[in-house]
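The values are calculated or read from the model by the stated rules, or taken from the named source; none is laboratory data. Predicted model only: the values in this text are computed from it and were never measured. Please note: Cβ atoms are built from the backbone with ideal geometry, for glycine as well, and neighbour counts cover all protein chains shown. Heavy atoms of the whole protein, side chains included, go into the accessibility calculation; ligands, DNA and RNA do not. Shrake-Rupley method; radii C 1.70, N 1.55, O 1.52, S 1.80 Å.
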Amino acid sequence: MITKFRHTGIVVRKLQDQIDFYIGLGFDIFHREIEEGNFIAELVKIKDARLETAKLMSPCGDLLELLEYHSHPDSKMISLQKSNQLGCSHIAFTVDSLVQTLNQVEALGGNRSDHGLISPNGKHKVAYCHDPEGNLLELVEELKTK
């Protein structure tokens, strides 16, 4: 039985660039290391795997793990992730100001999809955007209600 959420992992092409992006959005480096050897190779099912990981902590304490495979990089072209893509759809973050965060995403090399929509219940302003490697992010501003 699951007792706790640990982290979300994203494989990236340029680890330091992605670290800089997420630090720019308010994350801090929690742990960074090179992983190699029998344990990691068996775990990820890639012979002689060598990867670098960075765990970043959000302001509320949740962890985002970024992984760059030095030994077996994926040569797939980077493209903007579609919302209906199979697998992990998106990562959602609560933000203080949607407009300011979208501007920050753009300034840090990401892509903004729109300016935000008010949810049907009127409690949230929501927008999708992408980090510099095309991963889909959902930003949610909780609106003040009377």
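Keeping to the stretch 58-96, report how many residues are among the aliphatic types (A, V, I, L, M), more than 16 Å from Ile23 (Cβ to Cβ) and open to solvent by less than 40 Å² (accessible area, probe 1.4 Å). Steps first, answer last, please.
At the first step, the residues of the stretch 58-96 found to be among the aliphatic types (A, V, I, L, M) are 63-64, 66-67, 77-78, 80, 86, 91-92, 95.
From the residues that got through so far, the ones that are more than 16 Å from Ile23 (Cβ to Cβ) too are 67, 77-78, 80, 86, 92.
Filter again for open to solvent by less than 40 Å² (accessible area, probe 1.4 Å), leaving 67.
Qualifying residue count for the region: 1.
In this structure, is Gln81 in a loop (DSSP other than H, G, I, E, B) and in contact with a Leu (Cβ under 6 Å, 6 or more places away or on another chain)? Quick ask: steps written out before the conclusion?
Working: in a loop (DSSP other than H, G, I, E, B): yes; in contact with a Leu (Cβ under 6 Å, 6 or more places away or on another chain): yes.
The answer is yes for Gln81.
Among the residues of the stretch 102-116, is there at least one that is under 20 Å from Lys82 (Cα atoms), assigned to a strand (DSSP E or B), open to solvent by 20 Å² or more (accessible area, probe 1.4 Å) and in contact with a Cys (Cβ under 7 Å, 6 or more places away or on another chain)?
Pass one, the stretch 102-116, residues under 20 Å from Lys82 (Cα atoms): 102, 105-106, 109-116.
Next cut, assigned to a strand (DSSP E or B) only: 111-112.
With the extra rule that they be open to solvent by 20 Å² or more (accessible area, probe 1.4 Å), the set shrinks to 111-112.
Filter once more, keeping what is in contact with a Cys (Cβ under 7 Å, 6 or more places away or on another chain): 111-112.
Checking the stretch 102-116: at least one residue is under 20 Å from Lys82 (Cα atoms), assigned to a strand (DSSP E or B), open to solvent by 20 Å² or more (accessible area, probe 1.4 Å) and in contact with a Cys (Cβ under 7 Å, 6 or more places away or on another chain).
Select, from Leu66, Leu102, Leu80, Leu117, the only residue that is within 20 Å of Val140 (Cα to Cα) and under 14 Å from the mean Cα position of the chain (by Cα). It would help to see each step written out before you state the result.
On the way: Leu66 fails: within 20 Å of Val140 (Cα to Cα); Leu102 fails: under 14 Å from the mean Cα position of the chain (by Cα); Leu117 fails: under 14 Å from the mean Cα position of the chain (by Cα).
Going through Leu66, Leu102, Leu80, Leu117 in turn, just one is within 20 Å of Val140 (Cα to Cα) and under 14 Å from the mean Cα position of the chain (by Cα): Leu80.
Within the stretch 35-52, track down each residue that is open to solvent by 30 Å² or more (accessible area, probe 1.4 Å) and in a helix (DSSP H, G or I).
Within the stretch 35-52, Asn38, Phe39, Glu42, Leu43, Val44 qualify.
With Ile2, Ile29, Ile19 as the choices, which residue is assigned to a strand (DSSP E or B) and either at pLDDT 95 or above or more than 18 Å from the chain's Cα centre (by Cα) (or both)? Write out each step before concluding.
Details: Ile2 fails: assigned to a strand (DSSP E or B); Ile19 fails: assigned to a strand (DSSP E or B).
Exactly one residue qualifies, and that residue is Ile29.
Just checking, which of Phe21, Phe30 is aromatic (Phe, Trp, Tyr) and open to solvent by 60 Å² or more (accessible area, probe 1.4 Å)? Don't jump to the end; show me each part of the working.
Values: Phe21 fails: open to solvent by 60 Å² or more (accessible area, probe 1.4 Å).
Criteria check complete, one pass: Phe30.
How many residues does the stretch 65-120 contain that are under 30 Å from Ile34 (Cα atoms), of a type in the set (Ser, Thr, Tyr) and in contact (Cβ under 8 Å) with a residue 12 or more places away in the chain?
4
When the residues of the stretch 133-146 are narrowed to those that are in contact (Cβ under 8 Å) with a residue 40 or more places away in the chain and in a loop (DSSP other than H, G, I, E, B), which ends up surrounded by the fewest Cβ atoms within 10 Å (Cβ to Cβ)? Give the steps one after another, and end with the answer.
Taking the stretch 133-146 as the starting set, the residues that turn out to be in contact (Cβ under 8 Å) with a residue 40 or more places away in the chain are 133-142.
Remaining after also requiring in a loop (DSSP other than H, G, I, E, B): 133-135.
On the way: Glu133: 20, Gly134: 15, Asn135: 21.
The extreme case among them is Gly134.
If you check every pair at least six apart or on different chains, which have Cβ atoms under 8 Å apart with a residue in the stretch 32-52 that is farther than 13 Å from Tyr69 by Cα first and a residue that is part of a strand (DSSP E or B) second?
Arg32/Glu52; Arg32/Thr53; Arg32/Ala54; Arg32/Lys55
Restricting to the stretch 58-70, name every residue that is touching a Phe, Trp or Tyr at 6+ places or on another chain (Cβ under 7 Å) and part of a loop (DSSP other than H, G, I, E, B). Walk me through how you get there before you give the answer.
Within the stretch 58-70, the subset touching a Phe, Trp or Tyr at 6+ places or on another chain (Cβ under 7 Å) is 58, 63-64.
The one that is touching a Phe, Trp or Tyr at 6+ places or on another chain (Cβ under 7 Å) and part of a loop (DSSP other than H, G, I, E, B): Ser58.
Take the stretch 117-132 and flag every residue that is closer than 15 Å to Ser83 by Cα and not in a strand (DSSP E or B). Show your work before the answer.
Step one: of the stretch 117-132, the residues closer than 15 Å to Ser83 by Cα are 126-131.
Passing the criteria: only Asp131.
Before we move on, is Phe5 aromatic (Phe, Trp, Tyr) and open to solvent by 80 Å² or more (accessible area, probe 1.4 Å)?
yes
Is it fair to say Lys55 is of a type outside the set (Val, Ile, Thr), open to solvent by 40 Å² or more (accessible area, probe 1.4 Å), part of a strand (DSSP E or B) and out of contact with any Gly (no Cβ under 7 Å at 6 or more places or on another chain)?
Values: of a type outside the set (Val, Ile, Thr): yes; open to solvent by 40 Å² or more (accessible area, probe 1.4 Å): yes; part of a strand (DSSP E or B): yes; out of contact with any Gly (no Cβ under 7 Å at 6 or more places or on another chain): yes.
Yes, satisfied.
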